[in-house]
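The values are calculated or read from the model by the stated rules, or taken from the named source; none is laboratory data. Values in this document were obtained by computation on a predicted structure and should not be read as measured data. Glycine gets a Cβ as well: all are built from the backbone with ideal geometry, and neighbour counts include every protein chain shown. Accessible surface areas use protein heavy atoms only, side chains included; no ligands, DNA or RNA. Shrake-Rupley method; radii C 1.70, N 1.55, O 1.52, S 1.80 Å.
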Amino acid sequence: MSTARRTGSARTTDIILLGLTVAFAILWMIPVVWVVTMSLKPNVELMRSTAGFIPWPFTIDNYFNLVKLATVPRWLMHSFIVAVSMTALVLIVSSLAGYAFARLDFPFKRTLFLIMIAGLMVPEQAVFIPLFTMFADWGMHNTHAALVAPRVAVPIGVFLMTQFFRAVPRELEEAAELDHASYFTIFWRIMLPLSVPALTTLGLFTFIFAWNDFLWPLVSATKAEMFTVTVGLASIQGNFAFSEGLGSVMASAVFASLPIVILFLIFQRFIVAGVAMGAGK
């Protein structure tokens, strides 16, 4: 009887938690649906009222007006170059550093790891002035390198890969060590293939962060032709609100978010696998 009572209590708890999760998901989705709805309404209709979640009357003119701008494809190209470059470099640096911290012995290893962890507590805004001055002295502002370089050595990426490599059983490396394989061979042939779920998750989050990044591109890219899509669309929103209308502003928000949504839908199983893997460890 007590076992049945405990089972019923656990089931009730699960139902309550599921209901709360669904309720929070609906609350989170309401602003998203509202933005999409307004982007599909004529601006004349939005001048009367912005209420409602059904896009009627329906139009896609707001998106056509946005795409007609000659600078938008260039901004998209810059964001793509920055996001892909940053993701690739973060994965290379984080995986190599994580393997070194997890498996190699070298002087001041613990001290360096603690310094790296301390970097998690430093807000990025605190280093903006030194970064801006440094890249200005090098004459690198308004370049892709200036947009990518400050975000390559991310402490959270190194930490995540270190924790992953520490969880890999050492027995998997022993056979390679008996064959006198080098550390890099072990890393390349054994550890790296095992870390694909972790690398995929880190890569996706890095790409999303790079695509949505606004503050550093706003500081470093001072010329309109070097804007990323987030900075570029933000720079025209004021003009759109007055000249084209609110619907065009909402269309720009959807336009900037669409690549990330598509990326998440394609790779969501890797994200879930990576999160579950981390929770299990």
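Top to bottom by accessible area (1.4 Å), largest first, where do 166, 11, 151 land?
Greatest to least solvent exposure: 11, 166, 151.
Between rounded, prolate and oblate, where does the stretch 37-90 land on the alpha carbon gyration tensor, with a ≥ b ≥ c its root eigenvalues, rounded for a/c under 1.5, else prolate if a/b exceeds b/c?
prolate
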Pick out, from 204, 136, 46, the residue whose Cα sits farthest towards the positive end of the charge dipole of the chain, with +1 on the Cβ of Lys and Arg and -1 on the Cβ of Asp and Glu.
46
Under 15 Å from the 7 Å Cα→Cβ point of residue 223, by amide nitrogen: which residues of the stretch 124-151?
136, 139-147
Name the aspartates and glutamates eligible as straight-distance cross-link partners of residue 68: C-alpha to C-alpha under 13 Å, and not fewer than 8 places from it in the same chain.
244
Need one word for the chain: rounded, prolate or oblate. Basis is the Cα gyration tensor (sqrt eigenvalues a ≥ b ≥ c); a/c below 1.5 gives rounded, then a/b vs b/c decides.
oblate
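I'd like the carbon and sulfur percentage of the solvent accessible area for the chain, probe radius 1.4 Å, heavy atoms only, ligands and nucleic acids excluded. Could the numbers behind the result be given before it?
Numbers: 12160 of 16790 Å².
Ligands and nucleic acids excluded, carbon and sulfur give 72 percent.
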Segment residue 142-residue 69, length gained on full extension (0.36 nm per residue, minus Cα span)
24.2 nm
Cα gyration tensor, the stretch 1-146 - rounded (a/c under 1.5), prolate or oblate
oblate
With a cut-off of 17 Å, note down the residues of the stretch 121-157 whose backbone N falls inside the zone around a label point 7 Å from the Cα of residue 88 toward its beta carbon.
144-153
Which of the listed residues, 22, 107, 121, is farthest toward the dipole's positive end in the chain, when Lys, Arg count +1 and Asp, Glu count -1 at the beta-carbon?
22
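How big is the dipole moment of the chain about its Cα centre under a simple scheme where the beta carbon of each Lys and Arg is +1, that of each Asp and Glu is -1, and everything else is neutral? Debye, nearest 20, please. Walk me through the numbers on the way to the answer.
Values: 17 positive and 14 negative charges, 126 e Å.
The calculation lands at about 600 debye.
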At 1.4 Å probe size, with every protein chain present, just tell me what the per residue accessible area of the chain comes to in Å².
60 Å²
How high is the FRET efficiency from residue 26 to residue 261, r the C-beta distance, R0 25 Å, rounded to 0.05?
0.90
